[in-house]
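Remarks on the structure that follows.
The values are calculated or read from the model by the stated rules, or taken from the named source; none is laboratory data. Since the structure is predicted, the reported quantities are computational estimates derived from the model, not experimental observations. Reconstructed Cβ throughout: ideal geometry from the backbone, glycine too, with neighbour counts over all protein chains shown. Accessible surface areas use protein heavy atoms only, side chains included; no ligands, DNA or RNA. Shrake-Rupley method; radii C 1.70, N 1.55, O 1.52, S 1.80 Å.
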Amino acid sequence: FAEAAADSPLLTAVFGNSPFLSQCLISDREFARFLLEKGPDEAFGTTLADVQDTSRLADEGEAELMKRLRVAKRRAALAIGLADIASVWPLERVTGALSDMASGALEACCRHLLRRAHDSGDLALPDPDRPEADSGFIVLGMGKLGARELNYSSDIDLIVLYDQDVVPYAGDHGLQHLFTRMTRNLVSLMDERTKDGYVFRTDLRLRPDPGSTPPALSVIAAETYYESTGQNWERAAMVKARPIAGDTEAGFAFLDILRPFMWRRSLDFAAIQDIQSIKRQINAHRGGAEIAVEGHNIKLG
């Protein structure tokens, strides 16, 4: 990899075609040198390890965390991009690395928020040094993040839940208030633009009935929704769901409960017609009823 970079075609391709990666190289020359000398595997591994580092958990403030995550995202993008351009990583490694970066950042944010809630007296966590353990705070990755298929411009789709039977609550204002505030802070930590950029754009609209529900839902409320009014497109969306941050054990328990909803034993005619209707709506709204070369939307068509 270092030889390919030093031989200039790789850097020529980057500087000639990607203003973003060019700026990453110029603005962080120490990391760029490390990447070119050690290769993308070691460079990305070191970056991801820094994201997941918990040694600063007790003392790191919000501003410091935001800066650390944004610098790490820039470095990860550079390592992944150069590995992709140089054809030293296959597609699965590229999308997997982007997904691991998003998951690692979300884990760091959840640990930070849970620890702050513990320090303020809102939670009585059993292990403050591992705040996610038995916290009852669940972050599900949906769509491309859940399936580890993120691309360079992807936002991340999340569903945030809390298990009221697990949460070690010690506050005065109620679980809903606490976790709604934490979820909004989680989104801000991830997608607020600072001088260092942002980590990932974050979308919570795949949660049940997003127009009338808070950003974080109780597990009971989510179960009731899916069992009573869950739609076929939501079954399809939940197939890719994966617990990626917070209390992952509680997250897997929730998905186990939801398994009969996700995987119906049989499809009746009404369900089949509903699936066909969804496809017709996509074609009517997005185009793509006929496959073409010019102008065809590969993602939505």
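Apolar share of the accessible surface for region 57-182: 48 percent from carbon plus sulfur atoms, 1.4 Å probe. Quick check: Cα centre of region 123-187 to Cα centre of region 227-278, how many Å? For region 123-187 versus region 227-278, the Cα centre distance is 20 Å. Per the Debye formula on identical point scatterers at the alpha carbon atoms of region 36-165, with no solvent, log10 I(q)/I(0) at q = 0.20, 0.22 Å⁻¹ is -1.16, -1.29.
Computing FRET efficiency as 1/(1 + (r/R0)^6) for residue 212 and residue 184, where r is the C-beta to C-beta distance and R0 is 22 Å, gives about 0.85. In plain terms, the chain from residue 42 to residue 228 could stretch by 62.1 nm, reckoned as 0.36 nm per residue minus the Cα-Cα distance. Taking 56, 181, 130 as the candidate residues, the one with maximal mean-square fluctuation in a Gaussian network model of the chain, Cα springs under 10 Å, is 56. For the chain, a Gaussian network of Cα nodes joined below 10 Å ranks 270, 86, 170 by mean-square fluctuation, and the top entry is 270. Which residues does a label at residue 165 reach in region 222-254, if reach means a backbone N under 15 Å from a point 7 Å past the Cα toward the Cβ? Flagged as within label range: 222-224, 249-254.
Using a cut-off of 23 Å between Cα atoms, the listed pairs 73/195; 38/73; 195/240; 73/144 include 195/240 as exceeding that distance. The largest accessible area among 177, 285, 112, 296 belongs to the first residue in 285, 177, 296, 112, and the rest follow in falling order (1.4 Å probe, all chains).
A straight chain from residue 177 to residue 127 at 0.36 nm per residue would run longer than the Cα-Cα distance by 15.7 nm. Counting heavy atoms of the protein chains alone, residue 277 has an accessible area of about 30 Å² for a 1.4 Å probe. When the convex hull of its Cα atoms is viewed from all sides, the chain shows a mean projected area of 18.2 nm².
Can you tell me how region 157-282 classifies by the Cα gyration tensor, rounded, prolate or oblate, using a/c under 1.5 as the rounded cut? Because a/c hits 1.5 or more and a/b fails to exceed b/c, region 157-282 counts as oblate. Per residue, region 1-100 exposes 51 Å² of accessible surface when a 1.4 Å probe is rolled over the protein heavy atoms with every protein chain present. How big is the shadow of the Cα convex hull of region 58-108, averaged over all directions, in nm²? That works out to 3.6 nm², a quarter of the Cα hull's surface. Summarising the amide proton neighbourhood of residue 156: residues at separation of 5 or more, or on other chains, whose placed amide H is nearer than 5 Å comprise 201, 202, 203.
Taking the accessible area of region 224-290, probe 1.4 Å, and keeping the other protein chains in place, the carbon and sulfur fraction comes to 55%. In the chain, the calculated helix contribution to ellipticity at 222 nm averages -18000 deg cm²/dmol per residue, counting -39,500 (n - 2.57) for every DSSP H run with n ≥ 4.
Taking a sphere under 13 Å around the Cβ of residue 83 and counting the other residues whose Cβ falls inside, with K and R at +1 and D and E at -1, yields a net charge of -1. Across region 225-281, the volume of the C-alpha convex hull divided among the residues equals 94 Å³ per residue. Which of the three applies to region 168-223, rounded, prolate or oblate, going by the alpha-carbon gyration tensor with a ≥ b ≥ c and a/c under 1.5 meaning rounded? Oblate. The aspartates and glutamates whose alpha-carbon is closer than 20 Å to the alpha-carbon of residue 67, local same-chain residues fewer than 8 away aside, are 28, 30, 50, 53, 59, 100, 107, 155, 191, 192, 196. Rolling a 1.4 Å probe across the protein heavy atoms gives region 138-219 an accessible surface of 44 Å² per residue. Largest first, the three principal axis extents of the alpha carbons in region 63-140 are 50, 24, 17 Å in whole numbers.
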